[in-house]
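The values are calculated or read from the model by the stated rules, or taken from the named source; none is laboratory data. Just so it is clear, the model here is predicted, and its values are computed rather than measured. Heads up, the Cβs are rebuilt from the backbone with ideal geometry, glycines too, and the neighbour counts pull from every protein chain shown.
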Amino acid sequence: MSGWVQLQGVDLHFGAVHALRGIDLRIAAGERVGLIGANGSGKSTLLRVLDGLLKPGAGSVVRDGAMRQAMVFQRPFALRMTALSNVALALWLRGVRWRDAKERALLALGRVGLAAIALRNARTLSGGQLQRLALARAWALGPHVLLLDEPTASLDPHAKREVEALMEEFAESGMTLVFASHNLGQVKRLATRVVYMEQGRILADLPVRAFFDGPLGETSREAELFVKGELG
Ligand SMILES: Nc1ncnc2c1ncn2[C@@H]1O[C@H](COP(=O)(O)OP(=O)(O)O)[C@@H](O)[C@H]1O
Ligand SMILES: [Mg+2]
């Protein structure tokens with residue numbers, strides 16, 4: 001099966017900041033991994049390493065050679081052109097002919113419920129529509145692994161539910177999901193596995209039920225306090 005990725009002993013510095021420390025993580029095809037931890041704990045950096053945007057200073061990143069991946073960033077962005085062209089451009093940049101790219105882009109916009117605004121200037125879209133545009137752009141690439149950095153952080157409750165529903169549908173279609181989130185309810189709803197980070201380290205890596213319901217033990221004391229704090 002496509003869609004696995006493995007990090008071993010990954011270390012990464014930004015100048016004096018030690019952002020990732022000794023990260024060992026194997027993500028199997030079809031998993032839904034929720035990444036949690038305080039601001040600055042390394043979630044975004046880890047996602048960027050998984051996506052290949054950042055090269056670690058030490059350690060290895062190995063992925064299934066046949067696999068495609070896509071990333072949805074924390075702040076949805078769009079170029080000053082139609083929603084359709086925004087998605088088509090992502091395909092064209094990967095070598096798809098413009099006419100085919102537009103066809104696939106329309107399909108992708110339909111997939112996220114945005115077909116009706118395909119010809120609107122993307123800069124006029126609401127936050128929720130922009131995030132769905134980002135999901136369409138990612139989905140159009142046919143990724144085996146979808147990486148999402150706090151995909152609903154800036155959205156109102158309605159838009160948040162729409163984005164979560166799409167993530168759920170993508171996962172059900174067999175896509176591997178790795179998403180950072182501050183919303184523990186969302187992690188409970190969508191993840192099958194929880195990775196808790198602190199100061200660049202993974203302190204807990206457990207099935208979602210074990211993480212939220214089980215005693216986390218001494219090594220994960222901090223994770224327990226974090227969960228209590230966030231939920232309390
Ligand atoms: N481009 C960058 N340059 C310098 N420091 C960075 C950069 N990106 C992240 N950092 C630092 O690396 C650490 C981890 O950041 P980040 O991965 O963004 O954490 P999180 O997503 O969990 O909030 C933080 O201390 C942050 O300030
Ligand atoms: Mg972040």
Exercise. On the given criteria, is residue 116 surrounded by fewer than 21 Cβ atoms within 10 Å (Cβ to Cβ), modelled with pLDDT under 95 and more than 16 Å from ligand 1 (Cβ to nearest atom)?
Worked result: no
Problem set entry | Qualifying residue in the range 47-57 (condition: outside any strand (DSSP E or B), touching a helix residue (DSSP H, G or I) at 6+ places or on another chain (Cβ under 7 Å) and within 16 Å of ligand 2 (Cβ to nearest atom)) | yes
Exercise. Does residue 164 satisfy the criteria of being within 27 Å of residue 63 (Cα to Cα), of a type outside the set (Gly, Ala, Ser), touching an Asp or Glu at 6+ places or on another chain (Cβ under 9 Å) and surrounded by fewer than 22 Cβ atoms within 10 Å (Cβ to Cβ)?
Worked result: no
Exercise. Which number in (1) among the hydrophobic types (A, V, I, L, M, F, W, C); (2) within 14 Å of the chain's Cα centre (by Cα); (3) at pLDDT below 95 marks the one condition that residue 49 misses?
Worked result: (3)
For this session: Check the range 127-148 and report whether any residue there is more than 15 Å from the chain's Cα centre (by Cα), over 23 Å from residue 197 (Cα atoms) and assigned to a loop (DSSP other than H, G, I, E, B).
Result: no
Exercise. Quick one: is residue 174 part of a helix (DSSP H, G or I) and either surrounded by 21 or more Cβ atoms within 10 Å (Cβ to Cβ) or of a type outside the set (Val, Ile, Thr) (or both)?
Worked result: no
Seminar exercise, completed: The correct count of residues that are farther than 12 Å from residue 138 by Cα, out of contact with any strand residue (DSSP E or B) (no Cβ under 7 Å at 6 or more places or on another chain), touching a residue at least 40 places away in the same chain (Cβ under 8 Å) and not in a loop (DSSP other than H, G, I, E, B) in the range 82-99 is 1
Problem set entry | residue 154, sole failed condition from (1) over 28 Å from residue 207 (Cβ atoms); (2) touching a residue at least 60 places away in the same chain (Cβ under 8 Å); (3) in contact with a Leu (Cβ under 9 Å, 6 or more places away or on another chain) | (3)
Exercise. Of the numbered conditions (1) away from ligand 1 (no atom under 16 Å from the Cβ); (2) assigned to a loop (DSSP other than H, G, I, E, B), residue 102 satisfies every one except a single condition; which is it?
Worked result: (2)
Seminar exercise, completed: Of the candidates 58, 101, the one satisfying the condition of being more than 20 Å from residue 202 (Cβ to Cβ) and small (Gly, Ala, Ser) is 101
For this session: For the range 191-212, enumerate the residues that are among the aliphatic types (A, V, I, L, M), crowded, with 16+ Cβ neighbours inside 10 Å and not in a strand (DSSP E or B).
Result: 191, 208
Problem set entry | Whichever residue in the range 1-57 is among the basic types (Lys, Arg) and touching a residue at least 60 places away in the same chain (Cβ under 8 Å) and, among such residues, is nearest to ligand 1 (Cβ to nearest atom) | 43
